[in-house]
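Read-outs: derived from the displayed coordinates by stated rules, not from any lab. Just so we're clear, the structure is a prediction, and the values are computed from it rather than from any experiment. A quick note on method: Cβ atoms are made from the backbone with ideal geometry, for glycine too, and the neighbour counts reach across all protein chains shown.
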Amino acid sequence: MPAYMIIAAKITDRDAFVGGYGKAAAELVARFGGKYVLRAPGAELLEGGFGSGASVVISQWPDKHAALRFWNSPEYAEVKMLRDGLAECQVLLIEGELSGV
């Protein structure tokens, strides 16, 4: 069953974030079998305490285990450090089929 990683990020320096972390993370996502479904800035918060103006990234994975192999890999641990001081992130992982509903 496919899995989806959903990230909402408040980015303080977009150029540094995209040029460093964003580029390196995209290479790893592909290497670990994921693909981006959505990458967009400017989320509008409708409810809750986090997300207004955030960038949102949704990646699709073959299954939850593939996403976790990426997330827990030593390679991603190094790349993740590139966003330190540049973004505050919330990350969710969920399995499920997309529906037309």
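Just to be sure I understand, how many residues within the range 61-88 are part of a strand (DSSP E or B) and either out of contact with any helix residue (DSSP H, G or I) (no Cβ under 9 Å at 6 or more places or on another chain) or free of Cβ contacts under 8 Å to residues at least 40 places away in the same chain (or both)?
Going through the range 61-88, the residues part of a strand (DSSP E or B) turn out to be 61, 87-88.
Pick out the ones that are also either out of contact with any helix residue (DSSP H, G or I) (no Cβ under 9 Å at 6 or more places or on another chain) or free of Cβ contacts under 8 Å to residues at least 40 places away in the same chain (or both) and you get 88.
So the answer is 1.
Could you please find all residues in the range 1-44 being within 20 Å of Leu93 (Cα to Cα) and of a type in the set (Phe, Trp, Tyr)?
Matches in the range 1-44: Tyr4, Tyr21, Phe32, Tyr36.
Consider the range 11-47. How many of its residues are in contact (Cβ under 8 Å) with a residue 40 or more places away in the chain, in contact with a helix residue (DSSP H, G or I) (Cβ under 9 Å, 6 or more places away or on another chain) and assigned to a loop (DSSP other than H, G, I, E, B)?
Total meeting the criteria: 1.
Under the condition of being in contact with a Ser or Thr (Cβ under 8 Å, 6 or more places away or on another chain) and of a type in the set (A, V, I, L, M), which residue from the range 8-37 is surrounded by the fewest Cβ atoms within 10 Å (Cβ to Cβ)?
Step by step, filter the range 8-37, then rank; the result is Val37.
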